Amino acid sequence: MFFSKDNDIDVDQLREQLIIDEGQVNEIYHDHLGYATFGIGHLVIEGDPEFGLPVGTDVSEDRVVSCFAKDVETVVEDCKKLHDAWDGYPQEVKQVIANMMFNMGLTRLSKFKNHNAALQSGDWKEAAVEGRDSKWYKQVTNRAERLMKRLEEIK
């Protein structure tokens, strides 16, 4: 089991879940918004060696793993920015929030005011209700429902 450098999230478990939700493609492709992407939902940015390479260009497994590790660090940092109570959350709550952060990013997830407030107060069931009451839920219903059910099942 591999935990992030701050020992607060099981990265292997998160990776397994994100491969289900994001897939893993070891070549450059366009995501649903038309952005160059590879690996486990890694957005190609300026500064990446893959920047500007054509769709279909192979990307090594080592590079996919390296980018995923860096992306997870950013996701966990953003989770901590959004949730003061992050360190005290159960592992399952961290997994759900990190998955959502990976999908939406800090700017979009920070707009989930009621959902985030319910998480901060430890009301996992209410957080699930609020998560379902969103445009995001309608856009990625299967993923979102799976994540909200996980929150509801936390004791």
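The values are calculated or read from the model by the stated rules, or taken from the named source; none is laboratory data. What you see is a predicted model, and the numbers here were worked out from it, not measured in a lab. Cβ sites come from the backbone with ideal geometry, for glycine too, and all protein chains shown count toward neighbours. For accessibility, only protein heavy atoms count, side chains too; no ligands or nucleic acids. Shrake-Rupley method; radii C 1.70, N 1.55, O 1.52, S 1.80 Å.
Things to note:
- Helix-only arithmetic for the chain: the sum of -39500 (n - 2.57) across DSSP H runs with n ≥ 4, divided by the residue total, places the mean residue ellipticity at 222 nm at -17500 deg cm²/dmol.
- Projecting label points 7 angstrom from Cα along Cα→Cβ for Ala85 and Ser60 puts them 4.4 nm apart.
- 25 Å tail of the calculated P(r), the chain, as % of Cα pairs: 30 percent
- Taken per residue, the accessible surface of the chain reaches 54 Å², heavy atoms only and a 1.4 Å probe.
- Unit charges on C-beta of K, R, D, E only; dipole of the chain, Debye: 680 debye
- Between segment 36-50 and segment 73-112, the alpha-carbon center distance in angstrom: 21 Å
- Solvent-accessible area assigned to carbon and sulfur over segment 89-149 amounts to 52 percent, based on a 1.4 Å probe.
- Placing unit charges on the Cβ atoms of the charged side chains and taking the dipole of the chain about its Cα centre, the candidate lying farthest along the positive direction among Val76, Leu147, Ser134 is Ser134.
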